[in-house]
Amino acid sequence: MFGLFKRDPKKQLQQAYERKLQAAMEASRNGDMRANATLTEEAEEILADINRLKAQEG
């Protein structure tokens, strides 16, 4: 019954992934390629977590 109110971890990770990509794009536009690379790497790690969760489900 209370499982209805639990947050979906994939959804939270997807939102974090999108925020990281947005921040990476903004860093790139500002000419900060080091920050862009760091943020892109962090986004890829989040994407790997999302894929791991999907693999566990199906």
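Based on this model, can you work out whether L53 counts as modelled with pLDDT under 95 and open to solvent by 100 Å² or more (accessible area, probe 1.4 Å)? Reasoning before the result, please.
On the way: modelled with pLDDT under 95: yes; open to solvent by 100 Å² or more (accessible area, probe 1.4 Å): no.
Considered against the rule, which asks whether it is modelled with pLDDT under 95 and open to solvent by 100 Å² or more (accessible area, probe 1.4 Å), L53 comes out as no.
Is there any pair linking a residue in region 24-44 that is over 20 Å from L13 (Cβ atoms) to one that is exposed (fewer than 13 other Cβ atoms within 10 Å of the Cβ), with Cβ under 8 Å and at least six apart or on different chains, and which?
Partner pairs satisfying both residue conditions: A27/M33.
State yes or no: is E57 more than 8 Å from the chain's Cα centre (by Cα) and without any contact (Cβ under 8 Å) to a residue 40 or more places away in the chain? Can you show your working first?
Numbers: more than 8 Å from the chain's Cα centre (by Cα): yes; without any contact (Cβ under 8 Å) to a residue 40 or more places away in the chain: yes.
So E57 fits the description; yes.
Working only within region 1-43, note down all residues that are outside any helix (DSSP H, G or I), open to solvent by 90 Å² or more (accessible area, probe 1.4 Å) and at pLDDT 95 or above.
Within region 1-43, just N30 meets the criteria.
The values are calculated or read from the model by the stated rules, or taken from the named source; none is laboratory data. Here the structure is a predicted model, which is why all the values come from computation and not from measurement. Glycine also receives a Cβ, built like all others from the backbone with ideal geometry; neighbour counts cover every protein chain displayed. Accessible surface areas use protein heavy atoms only, side chains included; no ligands, DNA or RNA. Shrake-Rupley method; radii C 1.70, N 1.55, O 1.52, S 1.80 Å.
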